[in-house]
Amino acid sequence: MLKVGAVGTGGIFRMAHLPGWLSSKEVELVAFCDPVRAAAEAIAKDFPDARVYDSYQELLDDPSIDIVDISTPNLFHSEIAIAALRKGKHVFCEKPEAVNALEVQKMADAARESGKLLMTMRNNRFSEEAKYLKRSSDAGKFGDLYAGRCGWIRRRGIPGRGGWFTTKELSGGGPLIDLGVHMLDLAMWFGGNPKPITVSGSTYNKFANRPDASGVVPAGTFDVEDMAIGFVRFDNGASLQFEFSWASNVEAEQKFVEWRGTEGGFALVNDKMKMFSEEGGVQLDQQPVFNGKQTAQHTANILHFIECVLGREEAIYVPSQGVDMIKILTAIYESAATGREIRL
Ligand SMILES: NC(=O)c1ccc[n+]([C@@H]2O[C@H](COP(=O)([O-])OP(=O)(O)OC[C@H]3O[C@@H](n4cnc5c(N)ncnc54)[C@H](O)[C@@H]3O)[C@@H](O)[C@H]2O)c1
């Protein structure tokens with residue numbers, strides 16, 4: 001049995017990580033840590049032998065723990081992951097890896113030096129649609145993927161307004177870092193993870209001081225963007241446009257990744273996929289049907305992580321992909337602040 005210690009026992013841990021770990025018969029949750037002790041205790045009560053810690057350092061000193069699961073606000077991910085790896089633990093971390101390029105590089109270095117597994121949550125890679133598109137693009141079905149678009153645009157959907165999500169120091173940014181990691185990751189994964197070389201972007205903050213339905217501006221810090229748009233160029237000549245918003249005046253929320261290739265293209269829009277090609281001069285649209293039950297995103301990630309720790313599967317995610325991702329995000333913020341294209 002692999003022993004798991006959880007650091008951060010808030011919303012996403014309770015709703016998604018917990019069922020993920022519980023779905024495996026090869027792991028045991030043995031410790032919970034949260035500075036809000038009551039949050040950790042509320043979960044630990046269902047695990048009679050589990051320990052509750054106030055600080056992650058105490059949890060890391062527990063020699064029985066093999067795996068550390070991190071679900072804290074973004075700022076703390078890298079610090080806890082690096083300390084855990086240096087203590088010889090495998091690490092499963094929530095997204096985003098870190099709040100800036102320096103921190104994510106330190107995480108990747110710590111993983112390499114420790115020889116332990118570091119994986120970060122990748123919500124969208126495990127759906128049947130995504131796996132099919134990845135297999136197909138790797139097999140050359142679409143030819144060279146050279147022009148892409150991705151985004152997650154919400155009309156109104158600001159998470160935890162006034163709390164850590166909207167506080168730059170704790171979150172690292174707004175929808176770009178919160179939603180951007182999901183769709184940029186999927187787009188780059190489909191595209192074969194080319195190396196980003198230049199980035200240009202703009203960010204906006206137009207909703208922070210907007211009154212709610214009762215006419216009152218909600219209290220609390222809101223010093224991150226509510227929308228980001230931009231453009232990335234890769235070393236293989238491909239380019240990717242993106243847009244992410246928590247609030248913007250669009251018709252409806254939409255999540256999308258689209259690639260155009262020399263032999264075909266595809267779009268995954270709100271998790272529905274379509275492929276576009278031409279055969280003998282005839283334009284062809286294809287829409288595969290997946291009727292099977294899909295595994296919940298976190299459960300799929302966690303089960304894969306366990307297989308990798310046990311040496312039975314090769315990791316679908318490697319830390320250098322996280323480094324490229326966070327470098328892009330950091331450069332977009334720099335580009336937005338300076339009004340210049342940034343070379344990575
Ligand atoms: N992949 C996804 O679908 C998804 C969805 C939501 C959130 N998230 C990510 O999960 C993380 C947590 O988000 P959430 O919505 O659960 O937030 P949350 O505020 O509900 O929970 C965070 C918890 O971490 C605790 N915490 C704060 N500092 C800590 C520290 N230093 N050590 C230990 N615990 C600490 C808090 O007390 C709180 O209980 C974030 O990084 C967020 O980006 C991912």
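Every number here is computed from the coordinates shown, using simple stated rules; none is lab data. Computed from a prediction, not measured in an experiment: that's the story for all the values here. Every residue, glycine as well, gets a Cβ built from its backbone with ideal geometry; the counts of neighbours run over all protein chains shown.
Taking amide H positions as placed 1.01 Å from N in the peptide plane, with prolines and chain starts having none, which residues 5 or more places from M121, or on another chain, fall under 5 Å of its amide H?
Amide H to amide H, under 5 Å and 5 or more residues apart or across chains, M121 pairs with C93, E94, K95.
Kindly count the pairs of lysines across the stretch 2-121 whose alpha carbons are less than 12 Å apart, treating pairs on different chains or eight or more residues apart as eligible.
Step by step, the pairs that qualify in the stretch 2-121 add up to 4.
Given 0.36 nm per residue, what is the gain on full extension from R340 to Q283 after removing their alpha carbon distance, in nm?
16.5 nm
Set Lys and Arg Cβ to +1 and Asp and Glu Cβ to -1, take the dipole of the chain about its Cα centre, and tell me which of I197, N301, L284 lies farthest positive.
The Cα lying farthest towards the positive end belongs to L284.
Taking the Cα centre of the stretch 2-121 as origin, sum charge times position over the Cβ atoms of Lys and Arg (+1) and Asp and Glu (-1), and report the length of that vector in debye to the nearest 20. Please list the in-between numbers first.
On the way: 13 positive and 18 negative charges, 36 e Å.
About 180 debye.
How large is ³J(HN,Hα), in whole Hz, for each residue of the stretch 205-219 in order, when computed from phi with the Karplus curve 6.51 cos²θ - 1.76 cosθ + 1.60 and θ = phi - 60°, using x for Gly and Pro?
Per-residue couplings from phi come out as 9, 10, 10, 4, 9, 7, x, 7, 4, 8, x, 10, 6, x, 6 Hz.
Return K293, K168 ranked ascending by Cβ neighbour count within 10 Å, so the fewest neighbours appear first.
By the 10 Å Cβ count, ascending, the order reads K293, K168.
So what's the convex hull volume per residue for the Cα atoms of the stretch 112-163, in Å³?
Values: hull volume 11.0 nm³, N = 52.
Dividing the Cα hull volume of the stretch 112-163 by its residue count gives 212 Å³.
Output wanted: per-residue J couplings in Hz (rounded whole) for the stretch 29-46, from phi through Karplus 6.51 cos²θ - 1.76 cosθ + 1.60, θ = phi - 60°, x for Gly and Pro.
Once rounded to whole Hz, the list reads 7, 10, 8, 9, 9, 7, x, 8, 4, 4, 5, 5, 5, 4, 7, 4, 4, 8.
Of V224, M1, G339, whose Cα points farthest to the positive end of the dipole of the chain (charges on the beta-carbon: +1 Lys, Arg; -1 Asp, Glu; origin at the Cα centre)?
Positive-most Cα among the choices belongs to G339.
With angles folded into 0 to 90 degrees, how steeply does helix 101-114 sit against the dominant principal axis of the chain? Use alpha carbons for both and round to 10.
That works out to roughly 60 degrees.
Show the residues, 5+ positions off or on another chain, whose built amide H is closer than 5 Å to the amide H of G174.
Those lying under 5 Å, H to H, from G174 are E225.
Return the ratio Rg/(2.2 N^0.38 Å) for the stretch 55-104, where Rg is computed over Cα atoms only.
The value comes to 1.07.
Quick one: Karplus J couplings for the stretch 47-64, per residue in order, coefficients 6.51, -1.76, 1.60, θ = phi - 60°, nearest Hz, x for Gly and Pro?
So the Karplus estimates, Gly and Pro as x, are 10, x, 8, 7, 9, 10, 10, 8, 10, 5, 4, 5, 5, 5, 6, 7, x, 6 Hz.
Give the separation of the Cα centroids, the stretch 148-166 to the stretch 114-134, in Å.
22 Å
What angle, in degrees between 0 and 90 and rounded to the nearest 10, separates the Cα long axis of helix 180-190 from the longest principal axis of the Cα atoms of the chain?
Between the helix axis and the principal axis of the chain, the angle is about 60 degrees.
To one decimal place, what Kirkwood hydrodynamic radius in Å is obtained for the stretch 2-121 from all pairs of distinct Cα atoms?
Taking every pair of different Cα atoms in the stretch 2-121, averaging 1/r and inverting gives 14.0 Å.
Lys and Arg at +1, Asp and Glu at -1: add these up for the other residues within a Cβ distance under 13 Å of E128 and post the number.
Values: positive: R125, K131, K134, R135, K272, K293; negative: E129, D271.
The answer is +4.
I want the antiparallel fraction of DSSP beta bridges within the chain, as a percent rounded to 5.
60 percent
Which one of L179, A44, A108 has its Cα pushed farthest toward the positive end of the charge dipole of the chain, where Lys and Arg give +1 and Asp and Glu give -1 at the Cβ?
My answer, from the dipole projection, is L179.
Mind putting a number on the dipole of the chain about its Cα centre? Charges go on the C-beta only, +1 for Lys and Arg and -1 for Asp and Glu, and I need it in Debye to the nearest 20.
Charge dipole of the chain: 320 debye, to the nearest 20.
Of all the C-alpha pairs in the chain, what % are more than 32 Å from each other?
Cα-Cα pairs in the chain separated by more than 32 Å: 33 percent.
What number comes out for the charge environment of Q105, summing +1 per Lys or Arg and -1 per Asp or Glu over other residues with Cβ under 15 Å away?
The answer is -2.
Separation of the stretch 218-265 and the stretch 17-46 by C-alpha centroid, Å?
Between the Cα centre of the stretch 218-265 and that of the stretch 17-46, the gap is 34 Å.
Using a cut-off of 16 Å between alpha-carbon atoms, which aspartates and glutamates can reach K206, once sequence neighbours fewer than 8 places away in the same chain are excluded?
Here the aspartates and glutamates satisfying the reach criterion relative to K206 are D223, E225, D226, E243.
Determine the sum of side-chain charges near W164: Lys and Arg each +1, Asp and Glu each -1, restricted to other residues whose C-beta is under 14 angstrom from that of W164. Show your work: numbers first, answer last.
Details: positive: R161, K168; negative: D34, E94, E169, D178, D223.
Counting the neighbours of W164, the net charge comes to -3.
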